[in-house]
Structures are given as C-alpha cells and as structure tokens.
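The values are calculated or read from the model by the stated rules, or taken from the named source; none is laboratory data. Predicted, not measured: the structure shown is a model, and the values here were computed from it. Quick reminder, even Gly has a Cβ in these numbers, built from the backbone with ideal geometry, and neighbours come from all protein chains shown.
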Amino acid sequence: MELSQQLRKYLIMGTENCSRNAVDILREAIKGGITAFQYREKGDDSLRGYEKLELGMKLRKICSNNNVLFIVNDDPDLVAPLKADGIHVGQSDRKVDLLRAEFPDKIIGLSVSDDEELTKQSLEEVDYLGAGPIFPTVTKRDANPVTGTKWIRSIKESYPDLPLVGIGGITEENAHQVIEAGADGVAVVSAVTQAANVEKAVRNL
Ligand code: TZP
Ligand code: MG
C-alpha cells in the first residue's frame, strides 16, 4: 500500500492522553479501522526508560498483528528495539538529514506549522508531513497558532507528491474539511482517546 493511503486514519497517543489502558484503546481503534499509529509518550507524567520500552513493545506487537503502521515519536533510541516502521519528529528534535543517515529505510515524518518551517530542513529526506494545528487543540500545550485548512491546500500545491496529514483539533465533524483541502489523512489524539466509544469514533472519522 502507498504511504499516503496508510496515513489515512492516524492515531497518535501515549499514556498521558489515555484515561484508561492504552492497550485497550489501541485494540478498539484498530477494530474501528485506524491505518497508522504513533507512539507519543510525552509529558511530565509519561513513561520513561524500561516502562516506555515495555509499553511500546506491546503496542508495536498489536500493530504488527493487524498491519497497522507503527511510528515512534521523537525517540531515535526506540526505533530499532521496537522495530518501528518510522519516526516522527518536530522542529526542535533531531534533524531529518541526520535521521536519514541513521535510518536509511525508515519512514520519517516531520511536523510543520507554518511556511518557514517548510524551508528549514531538507524535505527530500522526509516521507510525510504532519501539518497543523489545523484547528484549536487542547492536547498540545505549546502548539503554534492554528493554520486552518487553507494551508493544507497551499502545501499540496508546492509539494504535490509529499504525503501530508492534518493534525490538531480534528474531530468526526470536521475531518472531511481536512481531506477536502487535499490532505492524505487525518492525525488525531483526543477525538479517539477520549471517545466514549473508540471503535465508533474511528469509524466515523
Ligand atoms: N501536534 C500539533 S497539534 C497536536 C500535535 C501533537 C495535538 C493534536 O491532538 P488533538 O487532540 O487531536 O487535537
Ligand atoms: Mg518533539
């Protein structure tokens, strides 16, 4: 399957985003039809060290068994032990050209939040972009200003062949706007992790 198709319904989460067992949430989300998963163990109360690796191994296995892409957020040291399909980084994380040298065959995703960030790194080394926050979000405390869906259209005009997912404040109600603007997929945290019925929430996206 093309990467752009595999990024269609992209769940991102770590324990801080979950008010119950992350393993259960991932299983339910897979039943609902997510195509990709990002292990983003981030924040003051997040797991570290062996515990982070241990949960990652459980989530990785579930993804492998269900043909769901497994991407690790901003932790190069976890890529090999988890046999991750790729790594996703933000602007202040390890630079993509260094990552590419380290991981020639892995998927590399980069977060961008404005036009300037699109020019700061070599996008030839990037397999997909995560653009946003498209809408207001409460999940990322240090999020940059919202971009709106128009920006997706503008990125796609400049980089038509680079797969792109929208992120930030995406819900069952507004996901269609992100796709209509030209995104290949939607990346969500709270719309799925906080849903009363996770499986249904994914289906409705
Ligand atoms: N990057 C930009 S917005 C965001 C991240 C990780 C958080 C998205 O969370 P939610 O709950 O889907 O708005
Ligand atoms: Mg980061």
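List of remarks:
- Pick from segment 73-93, criterion surrounded by fewer than 18 Cβ atoms within 10 Å (Cβ to Cβ) and away from ligand 2 (no atom under 15 Å from the Cβ), ranking: farthest from I108 (Cα to Cα): P81
- The number of residues in segment 38-71 that are touching a strand residue (DSSP E or B) at 6+ places or on another chain (Cβ under 8 Å) and outside any helix (DSSP H, G or I) comes to 9.
- Unique match (being β-branched (V, I, T), within 20 Å of D115 (Cβ to Cβ) and within 13 Å of the chain's Cα centre (by Cα)) among I167, I134, I155: I167
- Answer residue from segment 1-19, given it is away from ligand 1 (no atom under 16 Å from the Cβ) and not small (G, A, S) and is farthest from S111 (Cα to Cα) among those: M1
- I62 being touching a Leu at 6+ places or on another chain (Cβ under 7 Å), farther than 23 Å from K95 by Cα and surrounded by fewer than 21 Cβ atoms within 10 Å (Cβ to Cβ): yes
- Near pairs, Cβ below 8 angstrom, 6+ apart or cross-chain, from segment 157-182 (more than 16 Å from ligand 2 (Cβ to nearest atom)) to any residue that is among the polar types (S, T, N, Q): P163/S4; G166/T149; G169/T137; E172/N204; Q177/T149; V178/T149; E180/T149; A181/T149
- Looking across S92, S111, one residue alone is within 16 Å of ligand 1 (Cβ to nearest atom) and in a loop (DSSP other than H, G, I, E, B). It is S92.
- Residues that are small (G, A, S) and buried (at least 20 other Cβ atoms within 10 Å of the Cβ) within segment 1-31 comprise G14, A22, A29, listed in sequence order.
- Qualifying positions in segment 114-149 - at pLDDT 95 or above, part of a loop (DSSP other than H, G, I, E, B) and small (G, A, S): S122, G132, G148
- Across segment 97-108, the qualifying residues are those that are of a type in the set (A, V, I, L, M, F, W, C) and in a helix (DSSP H, G or I), and the one among them that is surrounded by the fewest Cβ atoms within 10 Å (Cβ to Cβ) is A101.
- Failed item in (1) farther than 18 Å from L162 by Cβ; (2) assigned to a loop (DSSP other than H, G, I, E, B); (3) hydrophobic (A, V, I, L, M, F, W, C), with M1 passing the rest: (1)
- Taking every residue in segment 77-98 that is over 15 Å from L59 (Cα atoms) and touching a residue at least 40 places away in the same chain (Cβ under 8 Å) and pairing it with any residue that is within 15 Å of ligand 2 (Cβ to nearest atom) and not in a strand (DSSP E or B), at least 6 positions away or on another chain, the pairs with Cβ-Cβ distances below 9 Å are H88/R40; H88/D74.
- Per the listing S92, S19, S4, the residue uniquely of a type in the set (S, T, N, Q) and farther than 26 Å from A175 by Cα is S92.
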